[in-house]
Amino acid sequence: MAEHDLKALMAAQLDRHLVFPLLEFLQERQLYSEPEFLEAKIRLLNGTNLVDYAMDIHKSLHGTDDVPEDMVKRRAEVVSRLRSLEEAAAPLVAFLQNPQLVQELRTDKQYNIHMLQERYQWLEMRSI
């Protein structure tokens, strides 16, 4: 059966987020040991923003509350970036939460871009 195992070939062609359901399915079938699945999940999470999830898996795998320093550093970077993005998006979120302002938007994308640029200096043409 191992010579017909296509999981590794399939996973290499899929987005990381699509590999997780595949791993979950295989984990339920108990085709590999639990530590092998946990290690695979940690490798899959490397380079993503799902640092807390990776930390939880690492703790479960090693039976400890300690995590590697690189995970702690990566988490700090992710949280910092999240806060920065939330601050940058706050004016737009506030605009979208105000029904009176949202009513001013039209189906014409160009009009909306121009209006938002003129009033709020939020959007650049190249970002849309």
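The values are calculated or read from the model by the stated rules, or taken from the named source; none is laboratory data. Everything numeric here is computed off the predicted structure, so don't read it as measured data. Cβ atoms come from the backbone with ideal geometry, glycine included; neighbour counts cover every protein chain shown. Accessible surface areas use protein heavy atoms only, side chains included; no ligands, DNA or RNA. Shrake-Rupley method; radii C 1.70, N 1.55, O 1.52, S 1.80 Å.
Please compute the length gained on full extension between D5 and E36, using 0.36 nm multiplied by the number of residues separating them and subtracting their Cα-Cα distance.
Details: separation 31, 0.36 × 31 = 11.16 nm, distance 1.62 nm.
Between D5 and E36, full extension yields 9.5 nm more.
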Rg/Rh of segment 71-122 (Cα atoms, Kirkwood Rh), to two decimals, equals 1.19
Candidates Y111, Y53, Y32; GNM for the chain (alpha-carbon contacts under 10 Å) flags as most fluctuating Y111
Under a Gaussian network model of the chain whose springs join Cα atoms within less than 10 Å, the largest fluctuation of S84, S33, S60 belongs to S33
For the L61, Q103 Cβ pair and Förster radius 41 Å, calculated FRET efficiency rounded to 0.05 is 0.20
Phi angles of segment 63-80, converted by Karplus (6.51 cos²θ - 1.76 cosθ + 1.60, θ = phi - 60°) into ³J(HN,Hα) in whole Hz with x for Gly and Pro, give x, 9, 9, 8, 10, x, 4, 5, 5, 5, 5, 4, 4, 4, 5, 5, 5, 4
So L85 and D52, fully extended at 0.36 nm per residue minus their Cα-Cα distance, gain in nm 10.0 nm
Calculated from DSSP helices alone, with each H run of at least 4 adding -39500 (n - 2.57) and the total divided by the residues of the chain, [θ]222 nm to the nearest 500 comes to -22000 deg cm²/dmol
When the charge dipole of the chain is computed with +1 on Lys and Arg Cβ and -1 on Asp and Glu Cβ about the Cα centre, the Cα farthest towards its positive end, among M10, L45, F95, belongs to F95
Highest GNM mean-square fluctuation among H17, H114, H58, for the chain with Cα springs under 10 Å, belongs to H114
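Report, in debye and to the nearest 20, how large the dipole of the chain comes out about its Cα centre when Lys and Arg carry +1 and Asp and Glu carry -1 on their Cβ. The partial results should precede the final answer.
Working: 15 positive and 21 negative charges, 101 e Å.
Charge dipole, the chain, about its Cα centre: 480 debye, nearest 20.
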For the chain, inverting the pair-averaged 1/r of distinct alpha-carbon atoms gives a Kirkwood value in Å of 18.7 Å
The percentage of the accessible area of the chain (probe 1.4 Å, all protein chains present) made up of carbon and sulfur atoms, to the nearest whole number, is 54 percent
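Thinking of segment 41-114 as a set of Cα atoms, what percent of all their pairs are more than 14 Å apart?
71 percent
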At q = 0.19, 0.28 Å⁻¹, the log10 of I(q)/I(0) for segment 1-43 from a Debye sum over equal Cα scatterers comes to -0.57, -1.17
Expressed per residue, the solvent accessible area of the chain in Å² (1.4 Å probe) is about 77 Å²
